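The values are calculated or read from the model by the stated rules, or taken from the named source; none is laboratory data. Everything numeric in this text was worked out from a predicted model, so none of it was measured. Virtual Cβ from ideal backbone geometry, glycine too; neighbours counted across all protein chains shown.
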């Protein structure tokens with residue numbers, strides 16, 4: 001299935017959960033947060049959150065900042 | 001000296017808070033952290049970049065430094081609130097350095113959006129540390145909104161101009177019931193010492209260290225300056241006078 005992650009089209013296996021996608025793209029779920037179709041998804045829901053084709057995902061992490 | 005710095009009920013071992021932005025590498029951040037003896041650092045929230053190796057969080061963890069996410073870059077209350085929620089999910093902390101800036105040229109806080117965001121986030125259970133203008137009345141309103149600290153700027157972000165209105169900082173300190181943290185504008189160690197002498201509880205700085213020619217050495221200087229300024233504040237400085245006042249006895253001079 002195809003989704004948009006951080007502005008780029010990505011092909012993921014059908015049924016990929018949010019937690020799996022984060023681990024795949026960010027290395028781990030530690031320090032990450034996600035917005036799916038404009039809504040912040042709480043960390044507690046990531047394991048059971050199935051992604052669907054066409055969704056828009058923002059995958060965020062901590063970087064150096066003032 | 002027993003002089004704990006308590007912020008939102010948490011005792012921090014240093015009154016120097018370091019921003020990590022601007023450092024050319026994580027190695028330099030790490031060296032600055034060690035030299036600064038800081039107990040808390042700010043980070044920003046941005047898109048994951050798969051090309052990046054290493055994480056600022058690993059560096060902070062290794063040094064046992066608490067993380068304070070910011071909402072840098074946000075221009076509206078709504079953006080800042082969303083970013084705070086992202087930070088809470090990412091870092092599992094409800095502390096947030098709230099920044100809502102008006103424009104890119106000045107990077108000055110937008111007071112209307114800032115206060116609105118602060119009110120919203122406090123109501124949602126966040127511990128809000130707002131980056132604010134050096135405006136005593138806005139600082140008062142932010143405290144009334146339930147912020148756990150107020151963080152007035154010394155001068156605009158990244159300018160290194162120091163504290164352009166020390167009188168306003170004194171006014172803010174004079175009526176504050178929460179810690180006052182001088183945030184932004186620090187250029188060198190004497191600026192940080194002045195902030196503490198004016199009665200600020202802590203200093204938050206980034207560029208002054210991360211962009212210094214020798215970041216670790218400047219971090220060490222800032223740590224010393226914050227301690228010196230705090231001691232001077234507690235010691236109580238002598239009043240300024242117009243005329244000289246001899247410190248040696250005027251009686252008992254030898255007669256030649």
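Some notes on this structure:
- Scanning segment B:170-198 for residues that are closer than 17 Å to residue B:143 by Cα, more than 14 Å from chain A (Cβ to nearest Cβ) and under 13 Å from the mean Cα position of the chain (by Cα) yields B:179, B:180.
- Any helices (runs of 4 or more DSSP H) falling wholly within segment B:172-241 and containing at least 2 residues that are touching a residue at least 40 places away in the same chain (Cβ under 8 Å) and surrounded by fewer than 24 Cβ atoms within 10 Å (Cβ to Cβ): B:207-210, B:215-235
- Matching residues in segment B:72-116 - criterion: being away from chain A (no Cβ under 14 Å), touching a helix residue (DSSP H, G or I) at 6+ places or on another chain (Cβ under 7 Å) and closer than 18 Å to residue B:183 by Cβ: B:100, B:111, B:113, B:115
- Selection of segment B:31-54 for residues being more than 27 Å from residue B:179 (Cα to Cα) and crowded, with 20+ Cβ neighbours inside 10 Å yields only B:48.
- Segment A:30-45 residues that are more than 9 Å from every other protein chain (Cβ to nearest Cβ), paired with ones that are buried (at least 18 other Cβ atoms within 10 Å of the Cβ) (beta carbon under 7 Å, 6 or more apart): A:36/A:57
- Residues in segment B:11-26 that are more than 9 Å from every other protein chain (Cβ to nearest Cβ) and in contact with a helix residue (DSSP H, G or I) (Cβ under 9 Å, 6 or more places away or on another chain): 5 in all.
- Top-ranked residue of segment A:24-66 - restricted to ones that are in a helix (DSSP H, G or I) and surrounded by fewer than 16 Cβ atoms within 10 Å (Cβ to Cβ), ranked as modelled with the lowest pLDDT: A:24
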